[in-house]
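The values are calculated or read from the model by the stated rules, or taken from the named source; none is laboratory data. Computed from a predicted model, the values in this text were never measured in an experiment. Please note: Cβ atoms are built from the backbone with ideal geometry, for glycine as well, and neighbour counts cover all protein chains shown. Each accessible area value is taken on the protein alone, full model and side chains, heavy atoms only, with ligands, DNA and RNA left out. Shrake-Rupley method; radii C 1.70, N 1.55, O 1.52, S 1.80 Å.
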Amino acid sequence: MLKIKEAKVIVTCPGRNFVTLKILTEDGVYGIGDATLNGRELAVVSYLSEHVIPCLIGRDAHQIEDTWQYFYRGAYWRKGPVTMSAIAAVDMALWDIKAKVANLPLYQLLGGKSRNGVMVYGHANGRDISETQEQVAKYIDMGYLAIRAQTGIPGLDSTYGVSNDKMFYEPADADLPSENTWSTEKYLDHIPQLFERLRISFGFDVHLLHDVHHRLTPIEAARLGKALEEFRLFWLEDTVPAENQESFRLIRQHTVTPLAVGEIFNTIWDAKDLIQEQLIDYIRTTVMHAGGLTHLRRIADFAALYNVRTGCHGPTDASPVSFGTLVHFDTAIPNFGIQEYMRHTPEIDEVFPHNYTFSEGYLQPGETPGHGVDINETLAEKFPYQRSYLPINRLQDGTMFNW
Ligand code: GCO
Ligand code: MG
């Protein structure tokens, strides 16, 4: 029995907010987990402090599955992003502890290496097609093999995925939600031109991806998928809001452009029909929002039965703790597809010392025991929480829309 002695929540904002859970055992071994939920950070802090930590003290740190079930079933109120982010943080921290006690890097506990490196994609974006093209060229120079391309839309002041700071895109940009405007017609006319230009300039050796960010209806998504077929995207992401899993049947009937979805899902139940009916190609559930490693493995194993591969969400709102854990997960599982990798600023990297490395388009896990990420608490304290919200989105006539 490895008794949990203490658990604490650390909130820090070295440029953006992160919520970290640190679990300490009686033997002095500790583990850390990421509980960041962009724009709703303090709800998870409260959930952890009021409802999780009191139940954790005295439990056996080695009982990872039982602890997961305890918090999932035990709350009675299942699922939801706040609950599942809190459970995720506990789970990550416990896996970190178990691997440290075993004196092994985490991927060894997950079955060892299934590949030599984890292929990642970076984010190229620009105010117009030419600027996006320049950014794609930059990522190619940095060694990336896969690049997501987003561009501003003529006639719209701002849109998802286009930022001023090209390398460190952060969509939560104000202490009250900023407002974007949207026109599906303008968007649908413009995006095929972007990919035509990128294929003419860079050929077909580089993988290209695109994120629609939940803005189309199924028939519009089908039209976009068809229009992009000749440019052979690696994937088209979040075409429609996915509350209706059956939306994907219609999209699937019309296009062979590969589909990715799931960054806002928190359980296997959100993706069950999509996977079982083979309506998607990549599942984007990720470690800090879908219940940690324990639940993510369950989703990946289920997906493997239906030829669905993983493409875990890895935005800047995932702290290095999540990235560290994901790199071990991606290294070990058989049906890995790709990993999103939005870089953190040097300030963030300093607060969260870590040992995963990027080289020639791939991330590599470190070899130290655990997931290989720590938190510098003294430094973290210097950056107090600052409220920061994601934008909202309205149609040009003022109607509230999906962001
Ligand atoms: C992505 C995402 C992000 C989200 C962000 C919200 O594909 O990486 O869509 O950019 O918008 O994680 O917090
Ligand atoms: Mg996305």
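Okay, here's what the table says:
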read-out: Residues of the range 260-277 that turn out to be out of contact with any Ser or Thr (no Cβ under 7 Å at 6 or more places or on another chain), under 23 Å from Asp317 (Cα atoms) and not in a helix (DSSP H, G or I), as a count; value: 5
read-out: Tally, over the range 4-50, of residues that are part of a strand (DSSP E or B) and not polar (S, T, N, Q); value: 19
read-out: Hits in the range 273-305 - residues which are among the hydrophobic types (A, V, I, L, M, F, W, C) and more than 23 Å from Ile64 (Cβ to Cβ); value: Leu274, Ile275, Leu279, Ile280, Leu305
read-out: Only one of Glu229, Glu246, Glu220 that is more than 26 Å from Tyr121 (Cα to Cα) and open to solvent by 10 Å² or more (accessible area, probe 1.4 Å); value: Glu246
read-out: All positions within the range 257-269 that are open to solvent by 40 Å² or more (accessible area, probe 1.4 Å) and within 16 Å of ligand 1 (Cβ to nearest atom); value: Ile264
read-out: Failed item in (1) in contact with a helix residue (DSSP H, G or I) (Cβ under 9 Å, 6 or more places away or on another chain); (2) open to solvent by less than 50 Å² (accessible area, probe 1.4 Å); (3) more than 19 Å from Thr325 (Cα to Cα); (4) not in a helix (DSSP H, G or I), with Trp77 passing the rest; value: (2)
read-out: Filtered residues of the range 271-288 (kept if more than 13 Å from the chain's Cα centre (by Cα) and without any contact (Cβ under 8 Å) to a residue 40 or more places away in the chain); value: Ala271, Lys272, Asp273, Leu274, Ile275, Gln276, Glu277, Gln278, Leu279, Ile280
read-out: Residue satisfying condition, being of a type outside the set (Val, Ile, Thr) and more than 30 Å from Glu377 (Cβ to Cβ), within set Asp317, Asp330, Asp281; value: Asp281
read-out: So Leu363, is it in contact with a helix residue (DSSP H, G or I) (Cβ under 9 Å, 6 or more places away or on another chain), part of a strand (DSSP E or B) and under 24 Å from Ala149 (Cα atoms); value: yes
read-out: Residue match in the range 232-240 (condition: away from ligand 1 (no atom under 16 Å from the Cβ), surrounded by fewer than 19 Cβ atoms within 10 Å (Cβ to Cβ) and in contact (Cβ under 8 Å) with a residue 12 or more places away in the chain); value: yes
read-out: Contacts under 6 angstrom Cβ, first residue in the range 99-111 being over 11 Å from Ile333 (Cα atoms), partner acidic (Asp, Glu), 6 or more apart; value: Pro105/Glu367
read-out: Qualifying strands (runs of 3 or more DSSP E) (wholly inside the range 99-217; at least 3 residues being open to solvent by 10 Å² or more (accessible area, probe 1.4 Å)); value: 179-182
read-out: Only one of Arg394, Arg343 that is in contact with a strand residue (DSSP E or B) (Cβ under 8 Å, 6 or more places away or on another chain) and in a loop (DSSP other than H, G, I, E, B); value: Arg343
read-out: Scan of the range 349-365 for residues that are open to solvent by 10 Å² or more (accessible area, probe 1.4 Å), in contact with a strand residue (DSSP E or B) (Cβ under 8 Å, 6 or more places away or on another chain) and not aromatic (Phe, Trp, Tyr), ordered by number; value: Pro353, His354, Asn355, Thr357, Gln364, Pro365
read-out: Residue satisfying all of: in the range 294-332; surrounded by fewer than 22 Cβ atoms within 10 Å (Cβ to Cβ) and part of a loop (DSSP other than H, G, I, E, B); farthest from ligand 2 (Cβ to nearest atom) among these; value: Leu305
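Let's see how each residue does on (1) under 30 Å from Met342 (Cβ atoms); (2) of a type outside the set (Phe, Trp, Tyr):
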| site | (1), (2) |
| --- | --- |
| Lys100 | yes, yes |
| Asn103 | no, yes |
| Tyr107 | yes, no |
| Arg115 | yes, yes |
